[in-house]
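The values are calculated or read from the model by the stated rules, or taken from the named source; none is laboratory data. Computed from a predicted structure; not experimentally measured. Counting neighbours? That spans all protein chains shown, and the Cβs are built from the backbone with ideal geometry, glycine included.
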């Protein structure tokens, strides 16, 4: 896919995101910020970056190097895809049994493996820290129910 086509796809996706933001219902409770502030900010930032990307593409200064003669596709794309999708499937099927942090850690390890990272103590620790941070942020600080951090008691 050329850089120009990719930038047009980005504009299409931005249009979908803008439409989705307009569909967020107003909160019945009084709040100073509003429920759509962060989505509007994120979509606006992505739209501005898409404009910069499109402008660079039109000028011929596209940051993409995919069309360069020195670039070549990575080997074993099917294997990479299996690790990537397998990580997400692992999370979806194990989150109710093993809890959020363990299943998200396994998901992170599989996704890292799909990008040629060796399974090591470092990748396990990084995946664990990311999963723990997400669980603490959403479950404890923001009070979003992500389920238990470790092992669901009804499966033990």
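Residue-by-condition table, conditions (1) in a helix (DSSP H, G or I); (2) loosely packed, with under 11 Cβ neighbours inside 10 Å:
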residue	(1), (2)
110	yes, no
117	no, no
122	yes, no
127	yes, no
132	yes, no
135	yes, no
139	yes, no
145	no, yes
149	no, no
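When segment 10-20 is filtered for residues that are free of Cβ contacts under 8 Å to residues at least 24 places away in the same chain and more than 18 Å from the chain's Cα centre (by Cα), the ones remaining, listed by number, are 12, 15, 19. Do we find that residue 65 is at pLDDT 80 or above, outside the structural domain of residue 116 (by TED's automatic domain parsing) and farther than 30 Å from residue 106 by Cα in this structure? So residue 65 does not fit the description; no.
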